[in-house]
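Scroll down for the structure; my scribbles are underneath it.
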Amino acid sequence: MSPPSSPIFRASNNPIMDATVKTNLIAKDDHAAPTRASVFWRPTSKTGLVSWLTTVDHKRIGFLYGIFALFFFLVGGAEALLIRLQLAVPNNDLLTAQQYNELFTMHGTTMIFLAVMPLSAAFFNFIMPLQIGARDVAFPRLNAFSLWTFVAGAIIINLGWFMKEGAPDAGWFGYAPLTSKTYSPDHSIDMWVMGLQLLGVASIAASLNFIVTIINMRAPGMTMMRLPVFTWMTLFTAFLIVLAFPAITIALVELMMDRLFHTNFFEVSNGGLPILWQHLFWVFGHPEVYILILPAMGIVSEILPTFSRKPLFGYPIVVFSGASIGFLGFAVWSHHMFTTGMGTVATAAFALATMAIAVPTGVKIFNWIGTLWGGHLQMRTPMMFALGFIWMFMMGGFSGIMHAAAPADAQQQDSYFVIAHFHYVLIGGSLFGLLAGIHYWFPLMFGRRVSEFWGKLSFWVVFVGFNATFFPMHFLGLNGMPRRTFTYDANLGWNTPNFLATIGAMILGVGIGIYFSVMIYTFFKGERIKKDPWDARTLEWSLPTPPPEYNFAVTPTVHARDAYWYEKHHKEEIAKEKAVHAKEDEAHGGIHMPFASIYPFVTSVGILVASIGIAVMDPGHKLVVALVGGVIMLAGIFLWAHEGNEGYHIRPDKEDLNS
Amino acid sequence: MSISPAKADHHGSDDNKFQIYIQIAMLLAVLTGVEIVGIFLPFPTWVIVTALVVLSAVKFLYVIFFFMHLRWDKAFCTILFFIGLMLAGGTVWALLAIFGAKDSIPLTSISSATTVVANYLAV
Amino acid sequence: MSSTSATIDHHHDHTTTTGIPNKKLVMWAFLASDCMFFGCLIATHLIYRLHPPPGSPNPKDIFSIELTSFSTFILLMSSLMMALAVNAIQKGNIKSMRWSLLTTIFFGAIFLGCQVYEFQHFVHVYHLTITNSMLGTTFYTLTGTHGTHVAIGVFWLILMYVRSFQPKNTAADRGWFWRGLLHIAAICGAVLFSIFAVIGLTHTLQAGEGFTAFLGHDFGLVIGLVATLGLSMFLARPRGQVAFDQANAIDVESMGLYWHFVDIVWIVIFTAVYLLEYL
């Protein structure tokens, strides 16, 4: 096996170069992809910048999502620390009110759209196809397009930091009429709108891909009821995305038309109703929070069985609950609007629906406990984060149920109680789940195991810091401290909890710092491990670490739920099947791989330029820049359609065939 | 891949399809004509509205099940589309119910202050 | 196994788990998403029609039910032609598919033309603009978004039509694409010439003169019509094998799904936006 050539950085004694060469993520099989005599350039290199820009490999795309997500997570975290520093003491003047508004807006937008969602997407991309026994997603170039459009959206949203108008400052939910041209005359909100639109396009395209992949590309024998729970949650999240994002798309279109073309959607003087923005936003916004939590629930549902040495308790019920949560999530949006005067009937209806949605969530928790019960528990780092998830998410659920009672919510709305609630479910829930997933699947993705000591240390510091930050906020909220205000007076009884919360935030920051440092260290110098370090249950663990470009040397046949567990305990049967399938693949000429392509990237660049034209340019130049971007985009799409979806064939490594 | 002849016959012969499409197109045209005439007929509003909704639904269903081939495709395609359709329909209905409620009538479209107060008290 | 089968089963794809072709499945999922998209836009319009502010324009005074009925009928017929195009290519009949696609494009273009005319009329005669009233804002945005979907569809149809001329050996015939675009341009020219020629002929006949007089007035139009028709037929003459057959039916079918969806959205808009106002 020839060593991969030309890593990203030119040859030197640079340890980074060394690690990227050795991680094998870049190129395990240096089978030269044959070039085709054609008009279209087929990128064939496996290393270097171009190989990353043209990749259609779901594992590389997942890795890129992860890198960007972790970067923006740090950005969002820095924004949060600044917020906490400002609020540490009353009447603080570290930040002006304007700066504070930009920080809490960008903290929310960044964490939701640029950190948690792409981190979930990283796992959907890397892990899901492996779990169903597929070689890639249904539309590999569309997958690449989603990634680069996400990057374009992330750029547009953050451009304001580098411009005189500053970052968007109207909250992550951008209520009208604050976001109208009258009250937000400069371009910061335009950038917020266009950035979110791009992120929506990226998310919808990726989700369509995942739906088709899960439905249509499962290995033989992988019936829906044998799917790993993480794959089920991927499917439900994808459905939520394609059905919920159109609502915010429309809301943003209407807002943009008001801002650019002086329409009247939210213009009160001509009959507009700003409350319509709230409805359309939350029709999206509520399913969005389930989009944020379902992947983490899926990850936890993989980790608990592995480290309890037992199958998941009540698999069909857990799946069905996931579906119910997704479906009911569309029926509760106005619980964000209890105090807007919708009337008794509407308020009561939404309160009831909100209480109902707690039921399937509770059912899942009972099933997770059932999984742990009587199991042979192994308290590894992923398990710690998963257990932390169960407890912390429950606490977030308790404060959530308190919100569901509309009269109680009348006091809690817009107070720190809400902040406590959603940080418990988002950090204690989503983030813990995702951090657990990184630890759990790190060995699979990079072939190295994270040190138990440092992993557990990072868990405990994060756990303590997180609770120290957000538990006091329950009391702050019940004692009347309002959200989104840059300072407070000293005589309101809020001083001590705020100070404690800031200390907690510092501890949380240290914990995250430890976590990140450990990860980076392990990536370059961690203990190397072979296959299946956790003795796990699902198909992705049947692969070498890191997996080869083509995933499975031979497409597996699935016989039961927890497919890999079955394989490990029926070795002869599986070996026989593999030999038969290997012969069939040989007869086809080997494994079919898709060509890499530059056109998804080109299309995204065109969209980025067009969005800059619409959102950033002044009226004199808007049209020209938008048109140039449009032409680039159309050229990208056109060439993408015309290059066709042929591919090439490769043969698996001998060692993969025999493993 | 071997194709069993039975499968091809399953969705009718191809000439049959051609005829079906033409017939449905004519039906759609006729239904549209009925709708247009119907709005001018002297029936109570609720009768006309119901008729319009029913006729539109019939046209809608004919297009999706025949022109869009759902009748002959795997059931999952139908389920997938209806999930989106039902969700959209439910959301539209809920929004109209909320905005149609007494509490949501914009003050600008109520003629007098006494009406506003009366509405508020009549809760 | 990549053995060529005698006939392709267009309703079962053995390479997928469910038998549904991937492209079809992704289009249906996208259409489910688009239902929510148009649902929210339609909801916005209907919400603002619940309690219009005093002094709002009355749609009944502005809408022309005749024009809208005509364009609805046209769109329904375009849907029929699209279904026939898919049917044709599934049987491998490329010529028939091309004619059906052309008619679909033609009807789609007429629909768009009617919409442009309608918007112009509303703006200039009834002074209903997108900014000066709530009705204008929601009406133009909703029907305009639908019209944009139609325009994208027409654009896609034209490209599919041109694609159906792609020769098997592109290396030997590199100019095929530009020739295809020229062919489309010639067809558009022929259509425009024939429209103006018919108008010219009608005027002449109405003025009591005969066909010879028409030829005298509008000879240029007739020459133009003949020239563009000739050019379009010349450019479309068979030049050898094309790389377009039953295997491409799935692409035409997914495009067809999009086109039919645009039609059913119009069925909803026609009822909810136009017809309901007359009650």
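The values are calculated or read from the model by the stated rules, or taken from the named source; none is laboratory data. In this text, all values refer to a predicted model and were calculated from it rather than measured experimentally. Here the Cβ positions follow ideal geometry from the backbone for every residue, glycine too, while neighbour counts run over all protein chains shown.
List of remarks:
- Near pairs, Cβ below 6 angstrom, 6+ apart or cross-chain, from the stretch A:247-269 (more than 8 Å from every other protein chain (Cβ to nearest Cβ)) to any residue that is part of a helix (DSSP H, G or I) and not hydrophobic (A, V, I, L, M, F, W, C): A:Leu252/A:Gln197; A:Phe266/A:Asp258; A:Phe266/A:Pro274
- Residue list for the stretch A:309-330, filter: surrounded by fewer than 21 Cβ atoms within 10 Å (Cβ to Cβ), in contact with a Gly (Cβ under 9 Å, 6 or more places away or on another chain) and among the small types (Gly, Ala, Ser): A:Gly314
- Only one of C:Val226, C:Val222, C:Val242 that is in contact (Cβ under 8 Å) with a residue 40 or more places away in the chain and either among the hydrophobic types (A, V, I, L, M, F, W, C) or within 14 Å of chain B (Cβ to nearest Cβ) (or both): C:Val242
- Filtering the stretch B:50-69 to residues that are surrounded by 16 or more Cβ atoms within 10 Å (Cβ to Cβ), facing chain C (nearest Cβ under 9 Å) and either free of Cβ contacts under 8 Å to residues at least 12 places away in the same chain or closer than 26 Å to C:His45 by Cα (or both) leaves B:Leu52, B:Leu55, B:Ser56, B:Lys59, B:Phe60, B:Val63, B:Ile64, B:Met68, B:His69.
- A:Lys578 being part of a helix (DSSP H, G or I), surrounded by 13 or more Cβ atoms within 10 Å (Cβ to Cβ) and basic (Lys, Arg): yes
- Exactly one residue among C:Phe111, C:Phe73, C:Phe37, C:Phe106 is farther than 30 Å from C:Ile187 by Cα and of a type outside the set (A, V, I, L, M), and that residue is C:Phe37.
- Of residues in the stretch A:407-421 being assigned to a helix (DSSP H, G or I) and surrounded by fewer than 19 Cβ atoms within 10 Å (Cβ to Cβ), the one farthest from the chain's Cα centre (by Cα): A:Pro407
- Residues of the stretch C:41-58 that are more than 7 Å from chain B (Cβ to nearest Cβ) and either crowded, with 24+ Cβ neighbours inside 10 Å or closer than 26 Å to C:Val268 by Cα (or both): C:Leu41, C:Thr44, C:His45, C:Tyr48, C:Arg49, C:Ser56, C:Pro57, C:Asn58.
Listed here are the residues, each with its yes/no results for (1) without any contact (Cβ under 8 Å) to a residue 60 or more places away in the chain; (2) under 26 Å from B:Leu61 (Cβ atoms); (3) among the small types (Gly, Ala, Ser).
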site	(1), (2), (3)
C:Leu67	yes, no, no
C:Ile94	no, no, no
C:Asn132	yes, no, no
C:Phe139	no, no, no
C:Thr145	no, yes, no
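- Residue within the stretch C:3-17 that is more than 9 Å from every other protein chain (Cβ to nearest Cβ), within 28 Å of C:Phe107 (Cβ to Cβ) and either touching a helix residue (DSSP H, G or I) at 6+ places or on another chain (Cβ under 6 Å) or touching a residue at least 12 places away in the same chain (Cβ under 8 Å) (or both) present: yes
- Contact annotation: residue pairs with Cβ atoms under 6 Å, 6 or more positions apart or on different chains, pairing a residue in the stretch A:476-496 that is within 14 Å of A:Pro90 (Cβ to Cβ) with a partner that is modelled with pLDDT of 95 or more and in a helix (DSSP H, G or I), are A:Leu476/A:Tyr416; A:Leu476/A:Pro497; A:Met481/A:Tyr416; A:Phe486/A:Ala97; A:Phe486/A:Tyr100; A:Trp494/A:Leu476.
- Among the criteria (1) within 14 Å of chain B (Cβ to nearest Cβ); (2) in contact with a strand residue (DSSP E or B) (Cβ under 9 Å, 6 or more places away or on another chain), the one C:Ile94 does not fulfil is (1).
- Residue list for the stretch A:631-647, restricted to those being more than 14 Å from C:Phe177 (Cβ to Cβ) and part of a helix (DSSP H, G or I): A:Val631, A:Ile632, A:Met633, A:Leu634, A:Gly636, A:Ile637, A:Trp640
- In a residue-by-residue description of the stretch A:341-359, the property of being more than 14 Å from chain B (Cβ to nearest Cβ), under 26 Å from A:Gln131 (Cα atoms) and in contact with a Gly (Cβ under 8 Å, 6 or more places away or on another chain) applies to no position.
- Within the set A:Ser324, A:Ser399, A:Ser334, A:Ser415, the sole residue that is touching a helix residue (DSSP H, G or I) at 6+ places or on another chain (Cβ under 6 Å) and free of Cβ contacts under 8 Å to residues at least 40 places away in the same chain turns out to be A:Ser324.
- Only one entry in C:Thr103, C:Thr141 is in contact with an Asp or Glu (Cβ under 9 Å, 6 or more places away or on another chain) and either within 14 Å of chain B (Cβ to nearest Cβ) or buried (at least 17 other Cβ atoms within 10 Å of the Cβ) (or both), namely C:Thr141.
This table checks each residue for (1) assigned to a loop (DSSP other than H, G, I, E, B); (2) out of contact with any Leu (no Cβ under 6 Å at 6 or more places or on another chain); (3) at pLDDT below 90; (4) closer than 26 Å to C:Cys40 by Cα.
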residue	(1), (2), (3), (4)
B:Lys7	no, yes, yes, no
B:Gln23	no, yes, no, no
B:Leu27	no, yes, no, no
B:Val63	no, yes, no, yes
B:Trp72	yes, yes, no, no
B:Leu85	no, yes, no, yes
B:Ala94	no, yes, no, yes
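- No other residue among C:Asp251, C:Asp263 is within 26 Å of C:Leu80 (Cβ to Cβ), part of a helix (DSSP H, G or I) and away from chain B (no Cβ under 12 Å) apart from C:Asp251.
- Residue within the stretch C:187-204 that is in a helix (DSSP H, G or I), surrounded by fewer than 16 Cβ atoms within 10 Å (Cβ to Cβ) and either more than 24 Å from the chain's Cα centre (by Cα) or hydroxyl-bearing (Ser, Thr, Tyr) (or both) present: yes
- Of the residues examined, C:Ser71 is one that is more than 7 Å from every other protein chain (Cβ to nearest Cβ), under 20 Å from C:Ala272 (Cα atoms), surrounded by 19 or more Cβ atoms within 10 Å (Cβ to Cβ) and touching a residue at least 24 places away in the same chain (Cβ under 8 Å).
Every residue, every condition in (1) of a type outside the set (Phe, Trp, Tyr); (2) part of a helix (DSSP H, G or I); (3) modelled with pLDDT of 95 or more; (4) more than 23 Å from the chain's Cα centre (by Cα), yes or no:
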{"site": "C:Met1", "(1), (2), (3), (4)": "yes, no, no, yes"}
{"site": "C:Ala29", "(1), (2), (3), (4)": "yes, yes, yes, no"}
{"site": "C:Ala43", "(1), (2), (3), (4)": "yes, yes, yes, yes"}
{"site": "C:Asp61", "(1), (2), (3), (4)": "yes, yes, no, yes"}
{"site": "C:Phe73", "(1), (2), (3), (4)": "no, yes, no, no"}
{"site": "C:Leu84", "(1), (2), (3), (4)": "yes, yes, yes, no"}
{"site": "C:Met97", "(1), (2), (3), (4)": "yes, yes, yes, no"}
{"site": "C:Thr104", "(1), (2), (3), (4)": "yes, yes, yes, no"}
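- Filter pass, C:Asp61 being over 20 Å from C:Leu157 (Cβ atoms), within 7 Å of another protein chain (Cβ to nearest Cβ) and of a type in the set (D, E, K, R): no
- Filtered residues of the stretch A:124-152 (kept if more than 15 Å from A:Pro600 (Cα to Cα), of a type outside the set (Val, Ile, Thr) and assigned to a helix (DSSP H, G or I)): A:Phe124, A:Asn125, A:Phe126, A:Met128, A:Pro129, A:Leu130, A:Gln131
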